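What follows is a short report on a single structure.
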Amino acid sequence: MSNTLLSIQGLTRRFGGLLAVSDVSATIAKGELVGLIGPNGAGKTTLFNLITGFTPPSDGTVTFDGQDVTGRKPWQIARMGMGRTFQNLRVFPNMTVFDNVSVGAVGAFGQSPWRALVNGGAHSRAVSERSWEALERVGLTAQAGDIAANLSYGKRKYLEIARALATSPRLLILDEPAAGLNDTETAELADFIRRLHAGGVTVLLVEHDMGLVMGSCSRVIVLASGRKIADGTPEAVQRDPAVLEAYLGVEDDAA
Amino acid sequence: MVFDVFFLQQVINGLSIGCVYALMAIGFTLIFGVLNVVNFAHGEVYTIGAFVGLMVITALAPPLLAVVPLVLAVGAVSGVGLERIAFRPFRRFTDEASQKSRAMREATLLSSLAVSIVTREIMMHIFGGDMQGIPSGYLLQQPVAIGPIMVASGSLVIFATSAVMLGALQFLLYRTQTGLGIRAVSNNQLGARYVGINTDRTIVTTFAVGSMLGATAGILVGLYDGAISPHMGFAPGVKAFVAMVMGGLSSIPGAVACALLLGVSESIATEFLSSGWKDLITYSLLVITLVFFPQGLFGHGRERA
Amino acid sequence: MDVNVPDARLMPATLAPPAAFSGRGRRFAWTLLLLAVAFGAVPAAIVGTGSSYLAQIAITTMIFVILSASLNHVTGTAGLLSIGHAAFYGIGAYAAALLSTKLGLPFIVTLPAAGLIAALFGFLVALPTMRLVSIYFAVATLGIGEMIYVILLNWVDFTRGPMGIRGIPPIELFGWQADTLLSRYLAVAVIAVACVWVLHRLTHSYYGNALRALREDDQCADSMGINVERLKIESFVVATFFAGIAGALLAHTSAYIAPDNFRFMESILILAMVVVGGLGSLPGAVVGALFMIVLPEALRDIGDYRMIAVGATMFLSILLLPKGMLAEGTALGFVRRSFSRGWATIAGGTPVGWK
């Protein structure tokens, strides 16, 4: 069990009378590339927010790297090594690409104002180098000095990933990274995520689109109507009648 | 007697002050609704309303009821002019960085402030900085007895005018095509544009309507208080702004309720505090409200408010 | 859309690590120029003309440089729109005035005390208001600013109310008294430069980047591991501290303060300096203060039309340069390059990062 990085137990969230997430339990081991899929309205985003601390659960626990993080604030969870991207692209628009990424590194290395005043050389160098490395990994070094709002849509996705990488995540959660990309771009992204994973990052891929997940992940968790209905290899999940029903029963454009 | 008569009179005075704040607060709320920007020059529209009213009265000595439509017209014109000068030029920046830039948003805020400074200084120049008296024939200070309570006729006029204007506004917003446009743009400017609403024209209309209410408030207060000055718009402007925020930014009933609350609490406060301290009541109410209701009393968590 | 995704472990040669930053020469050039103006040209002009009017403007400018730079820290960089800054300026001024006239404390004590007392008030204000967003926060600062003004005006026993406080002793350090115009200016200038330097170090660093991230999208900064609430409170406390310092300087240089020095319009004037100069830009805040103080004085000859001209100029400046005279992006590049605060330059000569 010491190999478990993230473990959620009986996670439940009610909004008024609506049960958005109901009794979901799952684990992710170090080094895994796991997909979390489900049709629209399945509760993926809520589950995501519960894990990252944006929404407190009504019931259940989140354990990250052996520590109970239920009810902690997002920044505390982020500092423990959970990096994330946003579905609806939230780069800092008026900051440069490099400065965007550096915020992730500051999150990881600490934000004391005293370091800015006295003796902060080592800290700044560490942040600078970490940010540069992250930009190298996504291939955006040439744009390092550009204002983020001027980047193309596709490049902003990679900027978000770089910013998350700069926090040195032990678990990287990508929220619908393929949204808004065409087939070629999705294929490139899938390739990139696989290489990221091969480089040693544990990834949880939250996706609406099955194609990307089935092609890349070693294990897939399926959510429907707030419940976990399947958890297994892509092949097993694809054959699971409950999954087929969830996807075909709902009028949805999911592939 | 169950009620202290004097206390009741104070409440009525407070309600009439509150109505004035409410008329201004509605203007703030309407304009904030469509543009998401605070109109700092709203207080100057109020002052303009009062001065134009005075000018008309001294020059033509018309019947009181004829002053009102004139002030309304002046309010509408100044609202349209204000929008043209202080707000429209900033809508030329449509790229994403500008839209999300705080510098740009604060620039719009200060452009209306700059326009208000210029307007006020010009009025100072024309009318002088001192208080100007209203001809006594037009004053609304005759006491009217309602049972045991004595109420100034001005209070009654303010109540009646506010009621009529609120009714008219309600009709405009919920029964007309223009009102539908205003509500649509407030709700989602981009969406409104996609369904074919001329957002520029709607914004201008909103300024006209809001400024008509503000200008009317100005002349009412002038007639009620008996004296006006180029600085008169500042204090009620701030109070109305506070009422709008306490009410939750986008809620007209909320703004009106909070404006009345502020008026009444100020008026009652003068009973047991010297008048210098009465503003402390207003602002304490504001701060306490915000601490416990971070979105205002009637707000519903508007994004990027 | 082309998205190039090079393999992390097969880094192509074209993306070599950036060259280390070398800008020491220019750094000295700019620093020396600024110091020469503040401590050479202006004092020379004051001595040369012997004009108390000129000295007074120079002192006022320096005080407003501190105010505008500190407001820029919280409103421009961290994105918390404060429209009650003058109240903390007032708290500092009254703290210094009362401590020196009632308790006879020397300047060396009253100056930091004024800053700390203002910062303490800032902290107390920040605690409950930090969860307010944008305009709600702005209105809360307005309300608190007006409350402080009402208290200064009406608590006659403590503040002497509208009469104000007279006879505040001039700046004095270990027996040296700043009693001439020149020495008064110099003392204020030294402190102003020190304040701006501290704000410069805070803003032009990765700490500053965290503040800017807060302004751009605080939820997102939160999930990057930034303690958003703490950062907001810190930035507000820093800004109010320097406002308090500015207040103490006003008290000790003008010998007389009254509540009207700290009204709402004063807060708006400071905000106008920041916006005209460039929200988020520290050099802009300095230039904005200079502009908004010197312009009305330069326009004295047109007498009554002066304020109209000031308003009109402010309007035109915002209209033509809505991001300010020195917009943030330009200013950050300028500071990286000319004050050698950048970490490295990338291909094309663009400086990135902070030292």
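Any read-out appearing in this document is the output of simple, stated calculations on the displayed coordinates, not a laboratory observation. Note that the structure is a prediction, hence the values are computed from the model and not measured. Quick reminder, even Gly has a Cβ in these numbers, built from the backbone with ideal geometry, and neighbours come from all protein chains shown.
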To one decimal place, what Kirkwood hydrodynamic radius in Å is obtained for the stretch C:134-280 from all pairs of distinct Cα atoms?
-> 17.9 Å
Using the Kirkwood radius built from alpha carbon pairs, what does the Stokes-Einstein equation give as D for chain A at 4 °C and 1.567 mPa s, in µm² per second?
-> 69 µm²/s
Please list B:103-110, C:50-57 highest first by mean number of surrounding beta-carbon atoms within 10 Å per residue.
-> B:103-110, C:50-57
Semi-axes, largest first, in whole Å: what does sqrt of 5 times each Cα gyration tensor eigenvalue give for the stretch B:5-292?
-> 31, 22, 19
Taking the alpha-carbon centre of each part, the distance from the stretch B:170-222 to the stretch B:111-149 in Å is 26 Å
Which whole-angstrom value gives the distance between the alpha carbon centres of the stretch B:245-267 and the stretch C:41-76?
-> 42 Å
Post the alpha-carbon centroid distance, the stretch C:285-333 to the stretch C:216-239, in whole angstrom.
-> 30 Å
20 Å binning of all Cα-Cα separations within the protein assembly as shown, expressed as whole percents from 0 upward | 13, 40, 34, 12, 1
Cα-based radius of gyration of the stretch C:241-318 once divided by 2.2 N^0.38 Å, which approximates compact folds = 1.18
Assuming a ≥ b ≥ c are the square roots of the Cα gyration tensor eigenvalues, decide whether the stretch C:85-221 counts as rounded (a/c under 1.5), prolate (otherwise, with a/b larger than b/c) or oblate.
-> oblate
Pairs beyond 30 Å (Cα-Cα), from B:Lys278/C:Lys323; A:Lys44/A:Lys157; B:Lys100/C:Lys232 | B:Lys278/C:Lys323
What relative contact order, as a whole-number percentage, does chain C give when Cα pairs under 8 Å and 6 or more residues apart are counted?
-> 30 percent
Helix C:328-338: inclination vs chain C longest Cα principal axis, degrees, rounded to 10, gives 80 degrees
Cα centre as origin, Lys/Arg/Asp/Glu Cβ charges: chain A dipole, Debye = 1000 debye
Give me the Debye-computed log₁₀ of I(q)/I(0) at q = 0.13, 0.24, 0.30 Å⁻¹ for the stretch A:76-139, equal point scatterers on Cα only, no solvent, two decimals.
-> -0.39, -1.19, -1.35
Mean Cα-pair separation over length for chain A, i.e. relative contact order, pairs under 8 Å, 6 or more apart, % | 27 percent
Mind ordering C:105-116, C:85-96, A:154-165 by average Cβ neighbours within 10 Å, highest first?
-> C:85-96, A:154-165, C:105-116
Residues in the stretch C:235-257 near a label at C:Gln177, defined as backbone nitrogen under 15 Å from the 7 Å Cα→Cβ point?
-> C:252-255
Where Rh is the Kirkwood radius over Cα pairs, Rg/Rh for the stretch B:151-290 = 1.02
About the Cα centre, charge dipole magnitude for chain C (Lys/Arg +1, Asp/Glu -1 at Cβ), debye | 740 debye
Could you pull the Cα extents of the stretch C:30-352 along its three principal axes, largest to smallest, in whole Å?
-> 57, 47, 44
